[in-house]
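Novice: Just passing along the structure, written as structure tokens.
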Amino acid sequence: MPRPRRSNRSRQSRNARRIRNIANERTEEEQEIAREERRVSMARLRAVYHK
């Protein structure tokens with residue numbers, strides 16, 4: 001039977017690890033606010049590029 005695949009954590013960049021850690025430390029409310037801000041900014045970008 002094949003061995004389980006190793007994680008690729010060691011291959012991640014330092015910046016990717018930092019971003020993931022920051023996201024994990026946020027509260028649920030902060031995550032919701034960030035999600036809404038991201039949604040609004042993406043909608044604005046789409047409106048600009050799809051005239």
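Just so you know, all these numbers are worked out from the coordinates, no wet-lab data involved. Predicted model only: the values in this text are computed from it and were never measured. Cβ sites come from the backbone with ideal geometry, for glycine too, and all protein chains shown count toward neighbours.
Novice: Using 7 Å Cα-to-Cβ label points, what is the residue 15/residue 43 separation (nm, one decimal)?
Specialist: Distance between the two pseudo-spin positions: 3.0 nm.
Novice: May I pose another question? Taking the Cα centre of the chain as origin and charging only Cβ (+1 Lys, Arg; -1 Asp, Glu), how large is the dipole, in debye to the nearest 20? Walk me through the numbers before you get to the answer.
Specialist: Details: 16 positive and 7 negative charges, 139 e Å.
Computed about the Cα centre, the dipole is about 660 debye.
Novice: Oh, and also: Per the helix-only calculation at 222 nm, which mean residue ellipticity applies to the chain, given -39500 (n - 2.57) for every DSSP H run of n ≥ 4 and division by its residues, nearest 500 deg cm²/dmol?
Specialist: It comes out at -22500 deg cm²/dmol, rounded to the nearest 500.
Novice: Also, I was wondering about something else. Just how many % of Cα pairs in the chain lie over 18 Å apart, if you round to the nearest whole percent?
Specialist: Details: 767 of 1275 pairs.
In whole percent, the share of Cα-Cα pairs in the chain beyond 18 Å is 60.
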